[in-house]
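Let me begin by presenting the structure, written as structure tokens, before commenting on it.
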Amino acid sequence: MSNPMEQFNIQPIIPIKAGGYDISFTNSSLFMVLAVVVSALLFTICLRKRTIVPSLSQSIPEALYEFVSSLLKENAGAEALRYFPFIFTVFLFVAFGNLLGLFPYSFTFTSHVAAVGGLSLIALMFNICIGIKKKKWGYWRTFMPNGIPLALAPLIMPIEMISFLSKPFSLTVRLVANMTVGHIMLKIIAGFVLALGVGGVVPLLFNSCIVVFEIFIALLQAFIYTVLSCIYLSDAIHSH
Amino acid sequence: MPQLNPTWFISQFFWLCICFFFMLFLMSKVFIPKIKDILEQRQRKIDDYLVKAHQLKEQAEESLKKYHDALAQATAEANKALEASRAEMNAYVAKKQDEAAQKLNAKLAEGEAQIKETREKAIKEVKNVSQEWALDIIAKLELNKIDADDIKNSIKKVVND
């Protein structure tokens, strides 16, 4: 049985060095590009013929749009709708990253700390930029909740900052852990299919069920990641 | 764990930035405007239909009101016509009743006159017969001392009493 962690190994495809840094195009990069290409292709095909009464294919992007839009409105208010493209892209990028990773011999970039952490960092920077743009210097009051005596500021502010910085960390760990565990489980059970010979039908059937479950988990995790991003965006837009 | 290997951190972050921001560009500049446009068109169409439906509802309500008004007017006119017919009929009946009463009264008067005439005639007859019978009786009883005029006067007296 092969090592179930092997599937997470990054393999360089096109080695690239720039300024002393290794920015090689790897299997992880390939699946990031594929997530963009597949989502763009899906949207292009589905939105090719747009009609007032939508066809089944046209309903897919429209349903996704309505879903993410209502999610953003519910969690961050109508004011946050101007940042809809960012949240929509986050949802699609994570969802396609998760789903593409379910294909055999594919690579799940959302199971990697650097990729998901990078995305969470982008979301954090986005929120900070919005917060500063909206509240100017008042943004720093985010770390000093209303009604707290000034004397407690040296104690409260570091706690609030840690809490603030732990948001992208928790986002990253949640998604990475879910994706990693799911794929390890799939790999281990798949290993039993060959090892058990004819009896391998049982783990094969079980694995098929797990794949369906993993599809659900992939979409659920994209949803959770998006909801939390909406909530953090809401914190940046509205007062503490 | 390969996930914690820092060798590929920069590469992954670099490609993540390229892919994510390219996708953000595609979504915000190409796909989202297309979806937004078709959703807005649909909403406008729905709003138009709602406005039309509202107008049609108002028209229907107006027509219903007109119908009710016309119905009320027609009912009032029918009642008026019915009342006029009833009055006309009553007048006609009264007129006919008067005519019949007049005819009846005339007949009654005529009958009474006939009765009176017959009665007078009968009385006259009775007078004559009584006179004749009295004369016959007198003749038979040979009461010549009694004058005819006395008998006449006596009968006249009896009859008048």
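Kindly indicate whether any position in the stretch B:44-65 is within 7 Å of chain A (Cβ to nearest Cβ), assigned to a helix (DSSP H, G or I), surrounded by 10 or more Cβ atoms within 10 Å (Cβ to Cβ) and without any contact (Cβ under 8 Å) to a residue 60 or more places away in the chain.
Yes, the stretch B:44-65 contains a residue that is within 7 Å of chain A (Cβ to nearest Cβ), assigned to a helix (DSSP H, G or I), surrounded by 10 or more Cβ atoms within 10 Å (Cβ to Cβ) and without any contact (Cβ under 8 Å) to a residue 60 or more places away in the chain.
When both residues are 6+ apart or on different chains and their Cβ atoms are under 7 Å apart, which pairs have a first residue that lies in the stretch B:67-92 and is aliphatic (A, V, I, L, M), and a second that is assigned to a helix (DSSP H, G or I)?
Final answer for the pair search is none.
Would you confirm, using the coordinates I've provided, whether A:Ala151 is assigned to a helix (DSSP H, G or I) and exposed (fewer than 11 other Cβ atoms within 10 Å of the Cβ)?
Yes.
Write out, first by first residue and then by second, each pair whose Cβ atoms fall under 6 Å of each other, whose residues are 6+ apart or on separate chains, and whose first residue, in the stretch A:182-202, is surrounded by 13 or more Cβ atoms within 10 Å (Cβ to Cβ) while the second is acidic (Asp, Glu) and in a helix (DSSP H, G or I).
Partner pairs satisfying both residue conditions: A:Gly182/A:Glu214.
Of all residues in the stretch A:70-84 being small (Gly, Ala, Ser) and out of contact with any helix residue (DSSP H, G or I) (no Cβ under 8 Å at 6 or more places or on another chain), which is surrounded by the fewest Cβ atoms within 10 Å (Cβ to Cβ)?
A:Ala78
Condition check ((1) in contact (Cβ under 8 Å) with a residue 12 or more places away in the chain; (2) more than 13 Å from the chain's Cα centre (by Cα)) across all residues:
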| site | (1), (2) |
| --- | --- |
| A:Val116 | yes, no |
| A:Leu121 | yes, no |
| A:Ile132 | no, yes |
| A:Met144 | yes, yes |
| A:Gly147 | no, yes |
| A:Leu150 | no, yes |
| A:Thr180 | yes, yes |
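Rule-based calculations on the coordinates, nothing more; no lab input. These numbers were taken from a predicted model, which means no experiment stands behind them. Note that each Cβ is placed from the backbone with ideal geometry, even for glycine, and that neighbours are counted across all protein chains shown.
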